[in-house]
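The values are calculated or read from the model by the stated rules, or taken from the named source; none is laboratory data. Because the structure is a prediction, the values reported are computed rather than measured. Virtual Cβ from ideal backbone geometry, glycine too; neighbours counted across all protein chains shown. These area figures cover heavy atoms from the full protein model, side chains too; ligands, DNA and RNA do not enter into them. Shrake-Rupley method; radii C 1.70, N 1.55, O 1.52, S 1.80 Å.
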Amino acid sequence: MTTTGTALKSYGPMQFPDRAGLHLWQFERARRLGLIPGPDVNGKRWSRAVFDDAIARIDTIKQATGTLPDVGAARAERHLADRFSITVHSGTAAELARRGHLPVRGESHARPLYCGLALETFRDRRTVQRASAAGRLHLRDAAAKTLGVRESDFDHLLRAGLLTHSEIVEGRHHTLVRLYRQADLDRLLRSRRIDWRAVHATPKGHRSPLAALPTKKRTDGATGG
């Protein structure tokens, strides 16, 4: 039995996990899983009876809540890389979430937090590899290189709305950097709207076929991507 301090008549949301020997994230996850009921004293605190019942099941609660808290993308991707001994590219966590394999459990500093329990119990190496390949994020220059186009060509694709960034991150000196997803680049390369052979064959200094693409209108009147 794990308890610290003198027994109380009721327990607040910080006292309960502290005296039960639970991390706050374990306590919150246990509540989400229904292992610990909601507060039964004035809707804000837990009675001693509820606390004692949880203590009697504390080992089961700890086992069920796991050892990994909900984490950001970088830590989630490091965990998967270590778990499966594979390369896991930036963007994999978001791709797994997009495909319904990795739940988002809140956010920190406006960035998503991914379910630590789902990460800890993840078994499908192939799914991670596919998500890593599809979700891999590229800076603008790398994205243009993947498409085999010039900077001006890339601008035409953005202007036409055929490509847009997948994520925005903060770069050096607090600048905002747009990142482009591999799956979006692959989709664009398969598009029949573009004669890629003609685009790639256009000599430097000559007008690109992409210049003829119509500009996509946005509801706010702006263009670009």
query = Do any chymotrypsin sites (Phe, Trp or Tyr not before Pro) in segment 74-182 lie in a loop, going by DSSP, with at most 12 other beta-carbon atoms within 10 Å of their beta carbon, and if so which?
reply = none
ask   = If Lys and Arg each add +1 and Asp and Glu each add -1, what is the summed charge of the other residues whose beta carbon sits under 12 Å from the beta carbon of A134?
value = +3
remark   = Summing +1 per Lys or Arg and -1 per Asp or Glu among the other residues with Cβ less than 13 Å from C115's Cβ gives 0
key: Built amide H within the under 5 Å cut-off of R136, gap 5+   = Q182, A183
ask   = With θ set to phi - 60° and the Karplus curve 6.51 cos²θ - 1.76 cosθ + 1.60, what are the ³J(HN,Hα) couplings of segment 8-14 in order, to the nearest whole Hz, using x for Gly and Pro?
value = 10, 6, 8, 10, x, x, 9
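Give, to the nearest whole percent, the P(r) tail of the chain beyond 32 angstrom, counting all Cα pairs.
Roughly 42 percent, rounded to a whole number.
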message = From the helices alone, meaning DSSP H stretches of at least four residues, give me the mean residue ellipticity at 222 nm for the chain, per-run term -39500 (n - 2.57), in deg cm²/dmol to the nearest 500.
response = -12000 deg cm²/dmol
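Provide the gained length on full extension for the span Q63 to K204, in nm with one decimal, where the gain is 0.36 nm per separating residue minus the Cα-Cα distance.
Roughly 44.6 nm would be gained on extension.
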request  = Would you work out which of I61, A160, V128 lies farthest towards the positive end of the dipole of the chain? Charges go on Cβ: Lys and Arg +1, Asp and Glu -1.
outcome  = A160
note = Binned at 5 Å starting from 0, the alpha-carbon pair-distance distribution of segment 92-160 in whole percents comes out as 3, 15, 19, 16, 13, 13, 11, 7, 2, 0
ask   = Just the accessible area per residue of the chain, please: how many Å² with a 1.4 Å probe?
value = 60 Å²
remark   = Taking Rh as the Kirkwood radius computed over alpha-carbon pairs of segment 1-132 and applying Stokes-Einstein at 37 °C with viscosity 0.692 mPa s, one gets a diffusion coefficient in µm² s⁻¹ of 203 µm²/s
Magnitude of the charge dipole, the chain, Cβ model with Lys/Arg +1 and Asp/Glu -1, debye to 20 = 700 debye
task = With all protein chains present, calculate the accessible area of D53 using a 1.4 Å probe and round the result to the nearest 10 Å².
result = 80 Å²
task = Could you list the trypsin sites (Lys or Arg not before Pro) in segment 126-225 that lie in coil according to DSSP, counting only those with at most 12 other Cβ atoms within 10 Å of their Cβ?
result = R190, R192, R193, K204, R207, K217, R218
message = Please report, ordered by residue number, every helix of the chain (full DSSP H runs) that is 24 Å or longer along its axis going by C-alpha atoms and whose mean Kyte-Doolittle hydropathy reaches 0.0.
response = none
query = Could you give the distance between the Cα centres of segment 130-208 and segment 58-121, to the whole Å?
reply = 28 Å
note = Dipole check, the chain, charges on Cβ (K,R +1; D,E -1), about Cα centroid: among A94, G148, V71 the Cα furthest to the positive pole belongs to G148
